[in-house]
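> Attaching a single structure in structure tokens format; questions to follow.
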Amino acid sequence: MKATSIIIMALISCLALSTAMAATAVHDGAVMKPGKTAISPVIDGVIENTIWKETIVDGDLVSTQPQFGETLAQKTDIYMTYDEENIYFAFHCHDSEPGSIKTSISKRDGMFSDDFIAVVFDTLGNSQRAYIFCVNPSGIQGDLLVNSDNEDDSADWIWESAAVLDDTGYTVEIRLPLSSIQYASNSEKPMRIGFVRKIQRSNTMGSWPEMQPSDNFLTMQAPIVLDNLNTVRKLEVLPSMTYGNSSARTGVNAWDRDIASDMGGDISYSLSSSVTLDATINPDFSQVEADAFQVNVNRRYPIFYNEKRPFFMEVNSLYNVAGTGGGNNMRTAVHTRRIADPAWSSKLSGTTGKTLFGLLAAEDAWNNPDAVYMANPRYLIARAKRSLGDGSYIGAIYTGRNVGADNNHVAGFDGVYRFSGNHQFEYSMLQSVSTVTGSDGAMGGNTAMLNYRYQTKSMYVGMTAENMTDDFRMDTSFIKRTGITRAATYISPKIYPSAKRLAWIDRISPSFGLDFIRDNNMQADDISADIGINANLAKNGYFQISGRKVRENWADRAFDLSWYSTNGNVRPVKWLKLGASAGFGTGIYYSDDPFRGESVSYGANIDFEPGERFTQSIGFNHAEMTNPSTSEMMYDVDVVNTRSTYQFNKYFFVRGIYQYNTVNSRQLVDLLASFTFIPGTVVQLGYGTLMEEGRWDQDEWRNDFGDLQTMKKSLFFKTSYRHVF
């Protein structure tokens, strides 16, 4: 409890500082006021002088990657205008080597390995959330939602784009309907905007306004005013129909078959220009994208899988709390994949003044067969964030899960405080109260987290303090372990070699990390020390080499471990990307009788793009561990993941996935044909089969040895239509 008290006092101090001193400054310079147009431009990628009269950014962007503060080698002219219903952008991306521009005809959000331009648009002007609209030289779209340093590419909005390649580079036009975004209709309140360009062949990125090393997409923008915007109310309906035919083998010649067809629907209504209500009944939450096979043997913690279901994909970026993510003990406070099979769900989200808020409710139709109650779990999650300016905020969160007489409730606060340009604190404190059948009364627990970051062009420093009591429970979260006190630090200076001496290296970053975890139950300490060197190579390459020394406790024993690894990637030509990794050392074999084993791992990946429409990716990973005292191989795992995609046009593609894992010789084949006219208007046909090596012993499956047999197979058809009134 002493550690908890210290962290709580630090959090209260940060809270007071945030409330009293949070910066409100924006980038220097006058507020931009682009002109309004009476003639709507035709979105064909051709910039007509009669429409696009004056640039708002003329020529020079400033580099942000791999170096800060240099003028981008290629010039970019940017135009902007608007009318009663839409906002328009145009870009002329000059390029002295137009034949080296990398582009592709891909599905939405499949263009981030190409050259592209992007609009970073904080339409509410509160530095808490920004839309990012990206377009590559073939006119393919990518869109992201940014919340407090978190970039989420799962969000899809309705907007229009077109691009044209020519001998001067490429041009792009964008039409952004007001009905597709939340915005402040009050013309006195400035929005905030920025622009980004990526040049893939040199792995360089530039921005306007200039992005400082400590900036992110929420803090780099400049103020802009669009006068007399109308309040556009929007009603959307999205009926859907799915058909599924799946079979699972239950014996030598016996199958359990499930044929189901369902109708469902979503509805979305704009209560105002900045508040939206969404609801879904009997939704189709089938996962079109199969989770990639991973090495899932001898793991202390479970694998984290990203959310891929459309209704939930925009949720995580809003509901996560500060101080989580990355390598921290709590990966996320709201992990919606815990809601396995929703019968219904609804969400309310928006902004009022400087406050961003969200409310999510759902009922899960999936029941654990071992559970005491057969009632459906119900979830209620509420979130609010009050902007304090310049990316700082103070927030509050509540999460609840109820099933029968069992329940879990968590409430707390969090925030981000930025000061002096280069410093940032992230803090959170959560309190849980849980009731479990058979226990004596309610159980309470708490957690407190505090992160500090310092970042300049030449230095990055990160520090973390965290305490989580043994009785803390958060049924919506992804947590590695409870009952710990943790402190960690990471330091990485950045060196920019002279081009005359090391022209093939853009940046060198030595690094040192120290992580201390006190297990308050075992009264034992886990300590790890990391040292490494990272190099950003010219012509789009990366290389890293690192070493780690660890003392880790498991099953009342302490183990001294070491691990050495290297990895890197390079794109020698625009149609080929190569990557490789390797590591060796010692690790714990987690069991009731653990020991220190000798481990080796290595892997490689290839991304092959022989044309604008076809992509082929192949990934291979190997992991093994040997007991040094007996020379017994404890595991020897190979994992292969391949993906082949052919994009006929920006609407229609076919994709095949093959995955192989030597554990049980498991093989997965997943085929998909997909047509997407706009987000929500979709037709998809898919087939998948899962095979395992084993044998049947009186209708009992044994995977010790045997032949490869099909264990599951499924066929599905899905169609949905999105209509905007």
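The values are calculated or read from the model by the stated rules, or taken from the named source; none is laboratory data. Nothing here was measured: the structure is a model prediction, and the numbers come from that model. Neighbour counts run over all protein chains shown; Cβ positions are idealised from the backbone, glycine included.
> Could you give me the residue pairs with C-beta distances under 8 Å whose first residue belongs to region 40-65 and is over 29 Å from residue 536 (Cβ atoms) and in contact (Cβ under 8 Å) with a residue 60 or more places away in the chain, whose second residue is small (Gly, Ala, Ser) and assigned to a loop (DSSP other than H, G, I, E, B) wherever it lies, and which are 6+ apart or on separate chains?
Once the first residue is over 29 Å from residue 536 (Cβ atoms) and in contact (Cβ under 8 Å) with a residue 60 or more places away in the chain and sits in region 40-65, its partners that are small (Gly, Ala, Ser) and assigned to a loop (DSSP other than H, G, I, E, B) give 45/139.
> Does residue 412 satisfy the criteria of being under 30 Å from residue 365 (Cα atoms), of a type outside the set (Asp, Glu) and in contact with a Leu (Cβ under 7 Å, 6 or more places away or on another chain)?
For residue 412, the condition - under 30 Å from residue 365 (Cα atoms), of a type outside the set (Asp, Glu) and in contact with a Leu (Cβ under 7 Å, 6 or more places away or on another chain) - is met.
> Additional query: Kindly indicate which of 342, 310, 283 is more than 17 Å from the chain's Cα centre (by Cα), buried (at least 21 other Cβ atoms within 10 Å of the Cβ) and modelled with pLDDT under 70.
283
> Right, another one. For region 83-112, what are the residues that are buried (at least 20 other Cβ atoms within 10 Å of the Cβ) and among the hydroxyl-bearing types (Ser, Thr, Tyr)?
Matches in region 83-112: 88, 103, 104, 106.
> Quick check, is residue 564 over 24 Å from the mean Cα position of the chain (by Cα), crowded, with 16+ Cβ neighbours inside 10 Å and under 27 Å from residue 480 (Cα atoms)?
So residue 564 fails the test.
> Can you tell me which of 69, 45 is touching a Gly at 6+ places or on another chain (Cβ under 7 Å), part of a loop (DSSP other than H, G, I, E, B) and in the same structural domain as residue 81 (by TED's automatic domain parsing)?
Exactly one residue qualifies, and that residue is 45.
> For a quick check of your reading of the model, give me the residue pairs whose first member lies in region 408-429 and is closer than 14 Å to residue 128 by Cα, whose second is outside any strand (DSSP E or B) and of a type in the set (D, E, K, R), with beta-carbon atoms closer than 7 Å and at least 6 apart or on different chains.
Short answer, once both residue conditions are applied: 418/390.
> Regarding residue 321, is this residue in a loop (DSSP other than H, G, I, E, B), in contact with a helix residue (DSSP H, G or I) (Cβ under 7 Å, 6 or more places away or on another chain), modelled with pLDDT of 80 or more and not acidic (Asp, Glu)?
no
> Take residue 391 and tell me if it is modelled with pLDDT under 90 and under 26 Å from the mean Cα position of the chain (by Cα).
Criteria met by residue 391.
> Looking at residue 228 and the list (1) at negative phi; (2) outside any strand (DSSP E or B), which single condition is not satisfied?
(1)
> Exactly one condition in (1) touching a helix residue (DSSP H, G or I) at 6+ places or on another chain (Cβ under 7 Å); (2) surrounded by fewer than 16 Cβ atoms within 10 Å (Cβ to Cβ); (3) not small (Gly, Ala, Ser) is not met by residue 471; state its number.
(1)
> Are there strands (runs of 3 or more DSSP E) fully within region 614-717 with at least 3 residues that are among the hydrophobic types (A, V, I, L, M, F, W, C) and either within 23 Å of residue 578 (Cβ to Cβ) or touching a residue at least 60 places away in the same chain (Cβ under 8 Å) (or both)? List them.
Output list reads 614-627, 632-647, 666-678.
> Sort out which residues of region 172-196 are over 24 Å from the mean Cα position of the chain (by Cα) and more than 13 Å from residue 134 (Cα to Cα), and write them in order of number.
177, 178, 179, 184, 185, 186, 187, 188, 189, 190, 191
> Sticking with this one: For region 350-450, please list each of the strands (runs of 3 or more DSSP E) lying entirely inside it that holds at least 3 residues being in contact with a His (Cβ under 8 Å, 6 or more places away or on another chain).
392-403, 423-435
Quick grid of which residues meet (1) touching a Lys or Arg at 6+ places or on another chain (Cβ under 9 Å); (2) touching a residue at least 40 places away in the same chain (Cβ under 8 Å); (3) on the phi < 0 side of the Ramachandran plot:
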residue: 123; (1), (2), (3): yes, yes, yes
residue: 136; (1), (2), (3): yes, no, yes
residue: 139; (1), (2), (3): yes, yes, no
residue: 153; (1), (2), (3): no, yes, yes
residue: 157; (1), (2), (3): no, yes, yes
residue: 176; (1), (2), (3): no, yes, yes
